[in-house]
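The values are calculated or read from the model by the stated rules, or taken from the named source; none is laboratory data. Everything numeric in this text was worked out from a predicted model, so none of it was measured. Note that we place each Cβ from the backbone using ideal geometry, even for glycine, and neighbour counts take in every protein chain shown. Heavy atoms of the whole protein, side chains included, go into the accessibility calculation; ligands, DNA and RNA do not. Shrake-Rupley method; radii C 1.70, N 1.55, O 1.52, S 1.80 Å.
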Amino acid sequence: NGGFLESTSDDVSLNNYGTVKKLPLSGGAGGTFYLIFNINNFGRIEIGENQTFLILVGSQNFINTEDVILTGTCAVDINSNFTNSGKISPGNDTTVGTLEMVNNVNLTNPGTLKIDINGPLQNDTIEIFGTPSLQGNIEVTLGYGPDLGDEFTILTASNGISNCDFPAQVSAPFGPFDTYFFDVVCNNNSIVLKVESILLGVNEIENELVSFYVYPNPVKDLSKIYFSPTEKNPQGGEISISVYNALGQEIKHIESFSEKNNSFEKGNLSSGIYFLHLKNKEQLFATTKIVVE
């Protein structure tokens, strides 16, 4: 227990290029430590389990810079002006956990939430006691393969979320081949990740009952999309195609797709890798990967 504070009327700053750790008391008991000055974090701040870290005084600044990490299973009470351009990671590098953040919590671009999902009801969570404004990115690391439709609450806010501006969809690899796509659902008091689709690995796609591919691939200007509907779409109905970039963001949607209406134009797509999902209103039943030159 204890703290550091500036001893003069001049502005004092802590510029952290290493690691700041809040350790437990002897025997592992909880404890509280406070800092009262400007903080520029260029390194790593770790707060241990059941510990409380107070960053006080509204006239000061707490800046979490790009590519650095605020992490822990703990409570962080922020009264300072908090600017997050870095990464916030609940838990630690190996296990999931809950990071509590109190008071002045506004997450901004290009800040990132690093979320681990290791099983059903086993995922990192941020609990904010306040009314945050939330922007930035979400980076997911999978420790297991969830099912379609599974949902994971990754953030809660006790007094509601004033603004939520994350990508509509994010993706995460799992194993050597598979890619999972999550819808980012912003509710009044929470943010939920929902498994929208799964891009199977090459070996598994070859066993799909729907032949679905683009030729020529790579796509230079204009290619054709080919598929053979079978019993995988027993109800028939309208088929559409969604195009996603490598970040899992839907960037194009082709309605009323058919074997006759099967042109795929490069258009304004940048060079890179994209994923096509073939689906009807009820389900996703085939996926393929293309390269745009």
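Would you pull out the residues with amide H under 5 Å of residue 138's amide H, same chain only if 5 or more places away, H placed 1.01 Å from N?
113
Determine the shape class of segment 109-194: with a ≥ b ≥ c the square roots of the Cα gyration tensor eigenvalues, call it rounded for a/c under 1.5, and otherwise prolate if a/b is greater than b/c, oblate otherwise. Present the calculation step by step, with values, prior to reporting the outcome.
Details: a/c = 2.14, a/b = 1.72, b/c = 1.24.
Prolate, because a/c is 1.5 or more and a/b exceeds b/c.
Kindly sort 133, 211 by accessible area of their heavy atoms, largest first, with the probe set to 1.4 Å. Show your work: numbers first, answer last.
On the way: 133 30, 211 55 Å².
Heavy-atom accessible area, descending, gives 211, 133.
Accessible area, 1.4 Å probe, largest first: how do 131, 71 sort?
Details: 131 75, 71 5 Å².
Correct descending sequence by accessible area is 131, 71.
Which lysines have a Cα lying under 29 Å from the Cα of residue 21, excluding residues fewer than 8 positions away in the same chain?
Reachable lysines: 87, 114.
Based on the Cβ-Cβ distance of residue 280 and residue 194, what FRET efficiency does E = 1/(1 + (r/R0)^6) give at R0 = 22 Å, to the nearest 0.05? Each step should come with its number before you reach the end.
Values: r = 19 Å, r/R0 = 0.86.
The computed FRET efficiency comes out at 0.70.
Of all accessible surface on segment 239-292 at a 1.4 Å probe, what whole percent is carbon and sulfur?
Details: 1260 of 2750 Å².
Within segment 239-292, the accessible surface is 46 percent carbon and sulfur.
For residue 96, what residues show an amide H to amide H distance below 5 Å, using hydrogens built from the backbone and excluding near sequence neighbours?
Residues meeting the criterion, in which the H sits 1.01 Å from N, do not exist here.
So for 277, 253, what's the accessible-area order with a 1.4 Å probe, most first? All intermediate terms of the calculation are to be shown ahead of the outcome.
Details: 277 0, 253 80 Å².
Largest to smallest exposure gives the sequence 253, 277.
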